[in-house]
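J.: Pasting a structure here, questions to come.
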Amino acid sequence: MYLGYVVDKDLLKTDPHFKMGCVLCHKGNAKEIKKEEAHKGVVKRPSDNLRSCMVCHKKITDNYAKSLHYTTAGQRNGVMARFSKEELKTFDEKVFEKSCRSCHASCGDCHVKGAPVGGISIGLIKKHKFVKKDEGKTCAFCHGGRVYPEYTGEYGGSPDVHYQKGMLCMDCHKKMEFHGDGTAYASKQDVKDRPACKNCHKPGQEAKLTAQIAHREHDGKVTCYGCHSGSAYRNCNDCHGGHSAASPGMMLGRSPRDKKTLTTLRLIPTVRDTFAPAGIKMEHFDALPNYWDTPAHNIRKRTDRTRNCDACHVDRKNFLTKEMLIKNGSKANDDLIFVPKPINR
Amino acid sequence: MKQFNLWKVLLVLFFILLPTTLMAQGLSPILSTDDLVKNLKDPNLVIVDIRKVEDYKAGHIPGAIGVFYNNWAPGKGGLQNEIPADDDMMDLLSANGIQPDSMVVVHGSTGTGPDRVNVTRVAWMLKYAGVQKVSVLSGGIEKWAVREKRELSTDVVRPKAKTYKGKFNKDVLAKKDYVKSQIGKVIIVDTREPAFFSGQQKLPFVAKVGRIKGAVNLPTAQVFDKYPPGEHMEQCCWTYKDAAALKNMATGVVGNDPSKEIIVYCDSGRVASAWWFILSEALGYKNVKLYDGSMEEWTKDETDPIEP
């Protein structure tokens with residue numbers, strides 16, 4: 001029997017959130033006995049309106065209102081360079097507000113009930129208990145298409161070495177990343193205090209000399225993911241136009257944000273006709289590539305690239321090539337192709 | 001007088017050494033929760049919880065370490081449930097302080113079919129790595145926590161790392177070419193359900209219906225019983241059938257000769273691990289191998305003999 005929406009009655013007696021009854025947040029009429037009457041005016045997701053939580057948690061909700069999880073500004077700003085001025089206006093009205101913004105996380109989506117994704121919800125996290133964190137049910141549900149199954153190894157390959165060692169999302173991603181710091185960032189790239197491998201793994205402290213040398217040689221040229229991403233990750237290649245397709249793959253190429261650096265690339269689903277249903281042609285479609293640098297969450301100490309230099313320098317395994325590029329993709333994709341040189345032995 | 005003192009010394013030595021002797025015998029391969037409790041304080045005991053990290057953190061058997069299933073059986077080369085590279089396996093064992101003489105008890109959930117066979121797949125993996133005493137907990141975490149309401153801990157156990165010094169026992173593994181060469185010479189056991197064995201059904205990741213030529217059928221699903229019988233699953237779990245019932249099922253298909261070579265397989269090398277463990281560890285068959293690639297690998301090659 002599915003118990004995802006059964007509230008634990010004992011919580012009503014002990015949790016201060018329930019002190020003033022369900023109606024404090026959900027509205028409706030507690031004095032009515034008939035369900036139809038009692039449920040008149042019920043608010044299903046009270047924390048969609050941050051004022052519901054603001055009464056007691058003002059500082060956090062003030063910050064959260066500007067956070068990327070709430071504003072989803074990253075989605076808009078990440079694609080806007082493809083639009084003309086007029087198109088951006090149409091996008092904001094017809095696509096961003098009606099589609100992208102519907103994905104914003106309310107407080108309750110992380111602390112009470114799993115967010116509905118694609119119309120499916122896991123229900124209450126712990127029988128309406130206000131949980132501090134439960135990454136496997138909250139982070140995993142919204143980020144369950146790509147990040148989480150790659151992290152646990154359920155997408156194929158091995159689990160990320162950090163998961164192997166018992167680490168969950170919030171062992172690297174700090175609370176500030178979720179609630180925000182009060183600044184309305186345009187993109188997550190602008191957030192300064194994000195997790196970085198080198199925060200914990202200081203260069204020069206490697207146990208093995210070979211690792212020290214390899215790190216020194218590639219420092220500033222290849223991202224950590226470039227060598228330590230352990231297996232294929234999900235690439236979405238034909239989405240948003242009423243159709244979708246995804247397949248596992250690993251691609252190495254120049255980072256679109258820093259062309260001097262080699263990294264893992266992921267195919268992102270904006271294709272030429274993605275916004276055609278909204279009447280947007282994307283006049284500047286070629287301004288951005290279809291492949292983006294991705295911090296693949298499937299890190300392994302050893303990969304075929306760390307085991308053998310030839311995997312990259314001779315075999316060029318997983319390197320993005322002209323033949324691999326998606327058909328009718330952005331012209332900017334060509335700039336991401338990188339051909340590694342043989343090592344002078 | 002001197003002889004009396006000698007007897008006294010021998011008697012004292014006997015009682016001092018008795019627990020060590022018992023310990024050396026190891027635990028029953030299919031372990032009950034009661035027997036686990038009796039051994040909880042054994043310093044050589046390593047309880048391995050193979051559920052996901054978040055489930056482990058939410059509550060586990062006190063003292064258990066959490067090492068998720070996928071660490072033991074990663075996907076590799078387009079196949080599921082493969083063997084980690086030797087150096088990765090060494091790291092995994094060393095980081096978790098497992099030694100060849102550790103008494104390892106593997107457990108997880110018994111809620112779904114894959115959950116139940118994940119446990120024996122990890123047990124097989126440990127035997128492959130050369131760990132000598134490996135048991136599986138009958139009834140899993142549900143019997144422990146839901147039915148018997150025993151203590152759960154939320155303290156994450158950080159095992160003391162120690163370099164693993166075991167010798168890998170690769171004889172428990174059968175590779176495809178070997179299986180092919182042994183058709184008609186050894187007992188090849190298909191552990192899938194009869195509809196799969198008879199070629200009526202297949203899983204999506206298996207290219208063709210059918211079984212390896214000459215295989216006999218011993219379905220894994222039959223090794224488990226609902227516990228308690230007739231009770232709704234929310235009240236407990238699945239446990240292994242008793243030894244007599246398992247022996248009866250096994251001998252009817254593979255015979256009584258414990259020295260006869262047996263190769264078990266399924267679709268991806270996971271389901272078959274249950275019968276590998278029962279035959280090899282619980283029933284004493286001496287030469288049982290698991291064909292790791294199973295039908296997922298076998299059906300990729302047109303030349304591999306299949307029937308019907």
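J.: In this structure, is B:Leu22 at pLDDT below 95 and either assigned by TED's automatic domain parsing to the domain that holds B:Leu246 or under 20 Å from the mean Cα position of the chain (by Cα) (or both)? Break it down stepwise before answering.
T.: Numbers: at pLDDT below 95: yes; either assigned by TED's automatic domain parsing to the domain that holds B:Leu246 or under 20 Å from the mean Cα position of the chain (by Cα) (or both): no.
No: the conditions fail for B:Leu22.
J.: I'd like to check something: does segment A:235-253 contain any residue that is among the charged types (D, E, K, R), free of Cβ contacts under 8 Å to residues at least 12 places away in the same chain and either open to solvent by less than 20 Å² (accessible area, probe 1.4 Å) or not assigned by TED's automatic domain parsing to the domain that holds A:Ser187 (or both)? Spell out how you get there, then give the answer.
T.: Initially, segment A:235-253 is screened for residues among the charged types (D, E, K, R), giving A:238.
Imposing the further condition that a residue be free of Cβ contacts under 8 Å to residues at least 12 places away in the same chain reduces the set to none.
No, segment A:235-253 has no match at all.
J.: Give all pairs with beta carbons closer than 6 Å in which a residue from segment B:93-112 that is touching a residue at least 12 places away in the same chain (Cβ under 8 Å) and within 22 Å of B:Thr33 (Cα to Cα) meets a residue that is of a type in the set (Phe, Trp, Tyr) and open to solvent by 20 Å² or more (accessible area, probe 1.4 Å); count only pairs at least 6 apart in sequence or on separate chains.
T.: Short answer, once both residue conditions are applied: B:Thr110/B:Trp238.
J.: So is B:Ser259 small (Gly, Ala, Ser) and touching a Ser or Thr at 6+ places or on another chain (Cβ under 8 Å) or not? Let's see the steps before the verdict.
T.: Working: small (Gly, Ala, Ser): yes; touching a Ser or Thr at 6+ places or on another chain (Cβ under 8 Å): no.
No: the conditions fail for B:Ser259.
J.: Report, by residue number, each residue of segment A:160-173 that is touching a residue at least 40 places away in the same chain (Cβ under 8 Å) and surrounded by 22 or more Cβ atoms within 10 Å (Cβ to Cβ). Spell out the reasoning first.
T.: Narrowing segment A:160-173 to residues touching a residue at least 40 places away in the same chain (Cβ under 8 Å): A:160-162.
Within segment A:160-173, just A:Asp160 meets the criteria.
J.: Before we move on, is A:Arg45 touching a helix residue (DSSP H, G or I) at 6+ places or on another chain (Cβ under 9 Å), assigned by TED's automatic domain parsing to the domain that holds A:Ala115 and farther than 15 Å from A:His128 by Cα?
T.: Values: touching a helix residue (DSSP H, G or I) at 6+ places or on another chain (Cβ under 9 Å): yes; assigned by TED's automatic domain parsing to the domain that holds A:Ala115: yes; farther than 15 Å from A:His128 by Cα: no.
Criteria not met by A:Arg45.
J.: Mind checking which residues of segment B:34-67 are within 12 Å of chain A (Cβ to nearest Cβ), open to solvent by 20 Å² or more (accessible area, probe 1.4 Å) and not in a helix (DSSP H, G or I)?
T.: B:Arg51, B:Lys52, B:Gly66 - these are the residues of segment B:34-67 that are within 12 Å of chain A (Cβ to nearest Cβ), open to solvent by 20 Å² or more (accessible area, probe 1.4 Å) and not in a helix (DSSP H, G or I).
J.: Please state which one of A:Gly157, A:Gly136 is within 14 Å of chain B (Cβ to nearest Cβ), within 30 Å of A:Val7 (Cα to Cα), among the small types (Gly, Ala, Ser) and outside any helix (DSSP H, G or I). Write out each step before concluding.
T.: On the way: A:Gly157 fails: within 30 Å of A:Val7 (Cα to Cα).
Only one candidate qualifies: A:Gly136.
J.: Restricting attention to segment B:68-83, report how many residues are within 7 Å of chain A (Cβ to nearest Cβ) and either surrounded by fewer than 18 Cβ atoms within 10 Å (Cβ to Cβ) or in a loop (DSSP other than H, G, I, E, B) (or both). I'd like the intermediate steps shown before the answer.
T.: Initial filter on segment B:68-83 (within 7 Å of chain A (Cβ to nearest Cβ)): B:68, B:70-71, B:74-75.
Of the ones still in play, those that are also either surrounded by fewer than 18 Cβ atoms within 10 Å (Cβ to Cβ) or in a loop (DSSP other than H, G, I, E, B) (or both) are B:68, B:74-75.
Counting residues in segment B:68-83 that are within 7 Å of chain A (Cβ to nearest Cβ) and either surrounded by fewer than 18 Cβ atoms within 10 Å (Cβ to Cβ) or in a loop (DSSP other than H, G, I, E, B) (or both) gives 3.
J.: Would you mention how many residues in segment B:181-196 are part of a helix (DSSP H, G or I) and either touching a helix residue (DSSP H, G or I) at 6+ places or on another chain (Cβ under 9 Å) or closer than 20 Å to B:Arg121 by Cβ (or both)? Spell out the reasoning first.
T.: Step one: of segment B:181-196, the residues part of a helix (DSSP H, G or I) are B:181-182, B:194-196.
Next cut, either touching a helix residue (DSSP H, G or I) at 6+ places or on another chain (Cβ under 9 Å) or closer than 20 Å to B:Arg121 by Cβ (or both) only: B:196.
Final tally of qualifying residues: 1.
J.: I've got another one for you. Is it the case that segment A:87-108 has a residue that's in contact (Cβ under 8 Å) with a residue 60 or more places away in the chain, over 18 Å from A:Gly144 (Cα atoms) and part of a loop (DSSP other than H, G, I, E, B)?
T.: no
J.: Applying the selection to segment A:1-14, what residues are within 14 Å of chain B (Cβ to nearest Cβ) and open to solvent by 90 Å² or more (accessible area, probe 1.4 Å)?
T.: Of everything in segment A:1-14, those that are within 14 Å of chain B (Cβ to nearest Cβ) and open to solvent by 90 Å² or more (accessible area, probe 1.4 Å) turn out to be A:Met1, A:Tyr2.
J.: Could you say whether any residue in segment B:108-119 is more than 10 Å from every other protein chain (Cβ to nearest Cβ), within 26 Å of A:Gly230 (Cβ to Cβ), open to solvent by 10 Å² or more (accessible area, probe 1.4 Å) and assigned to a strand (DSSP E or B)?
T.: Checking segment B:108-119: not a single residue is more than 10 Å from every other protein chain (Cβ to nearest Cβ), within 26 Å of A:Gly230 (Cβ to Cβ), open to solvent by 10 Å² or more (accessible area, probe 1.4 Å) and assigned to a strand (DSSP E or B).
J.: Let me ask something else about it. Any residue that is assigned by TED's automatic domain parsing to the domain that holds A:Asp109, at pLDDT 90 or above, more than 16 Å from A:Gly108 (Cα to Cα) and surrounded by 14 or more Cβ atoms within 10 Å (Cβ to Cβ) - is there at least one of those in segment A:15-28?
T.: Checked against the condition, which is being assigned by TED's automatic domain parsing to the domain that holds A:Asp109, at pLDDT 90 or above, more than 16 Å from A:Gly108 (Cα to Cα) and surrounded by 14 or more Cβ atoms within 10 Å (Cβ to Cβ), segment A:15-28 yields at least one hit.
J.: Scan A:Thr303, A:Thr274 and give me the residue that is polar (S, T, N, Q), open to solvent by less than 20 Å² (accessible area, probe 1.4 Å) and away from chain B (no Cβ under 14 Å). Even if it seems obvious, please write down each step before you answer.
T.: Working: A:Thr303 fails: away from chain B (no Cβ under 14 Å).
Selected residue: A:Thr274, the only one of A:Thr303, A:Thr274 that is polar (S, T, N, Q), open to solvent by less than 20 Å² (accessible area, probe 1.4 Å) and away from chain B (no Cβ under 14 Å).
J.: Continuing with the same structure: Looking only at residues that are within 9 Å of chain B (Cβ to nearest Cβ) and not in a loop (DSSP other than H, G, I, E, B) in segment A:139-154, which one is surrounded by the fewest Cβ atoms within 10 Å (Cβ to Cβ)? Spell out the reasoning first.
T.: Let us first name the residues in segment A:139-154 that are within 9 Å of chain B (Cβ to nearest Cβ), namely A:140, A:152-154.
Then drop every residue that is not not in a loop (DSSP other than H, G, I, E, B), which leaves A:140, A:152.
Working: A:Ala140: 21, A:Thr152: 24.
In this case the residue turns out to be A:Ala140.
J.: When residues of segment A:114-138 are filtered for being touching a residue at least 40 places away in the same chain (Cβ under 8 Å) and open to solvent by less than 80 Å² (accessible area, probe 1.4 Å), how many remain? Show your work before the answer.
T.: Initially, segment A:114-138 is screened for residues touching a residue at least 40 places away in the same chain (Cβ under 8 Å), giving A:121-124, A:126-130.
Then drop every residue that is not open to solvent by less than 80 Å² (accessible area, probe 1.4 Å), which leaves A:121-124, A:128, A:130.
Of the residues in segment A:114-138, 6 are touching a residue at least 40 places away in the same chain (Cβ under 8 Å) and open to solvent by less than 80 Å² (accessible area, probe 1.4 Å).
J.: Out of all the residues in segment A:281-305, which are in a loop (DSSP other than H, G, I, E, B) and out of contact with any strand residue (DSSP E or B) (no Cβ under 9 Å at 6 or more places or on another chain)? Can you show your working first?
T.: Keep residues of segment A:281-305 that are in a loop (DSSP other than H, G, I, E, B), which gives A:281-284, A:288-290, A:294-298, A:300-303.
Across segment A:281-305, the qualifying residues are A:Lys281, A:Met282, A:Glu283, A:His284, A:Leu288, A:Lys301, A:Arg302.
J.: What number of residues within segment A:310-339 are surrounded by 17 or more Cβ atoms within 10 Å (Cβ to Cβ), over 15 Å from A:Arg266 (Cβ atoms) and either among the charged types (D, E, K, R) or without any contact (Cβ under 8 Å) to a residue 60 or more places away in the chain (or both)?
T.: 1
J.: Continuing with the same structure: Go through (1) within 12 Å of chain A (Cβ to nearest Cβ); (2) crowded, with 20+ Cβ neighbours inside 10 Å; (3) assigned to a helix (DSSP H, G or I) and name the single condition B:Met90 misses.
T.: (2)
The values are calculated or read from the model by the stated rules, or taken from the named source; none is laboratory data. Note that the structure is a prediction, hence the values are computed from the model and not measured. Note: ideal-geometry Cβ built from the backbone for every residue, glycine included; neighbour counts use all protein chains shown. Side chains are part of the model used for accessible areas, which takes the heavy atoms of the whole protein and leaves out ligands, DNA and RNA. Shrake-Rupley method; radii C 1.70, N 1.55, O 1.52, S 1.80 Å.
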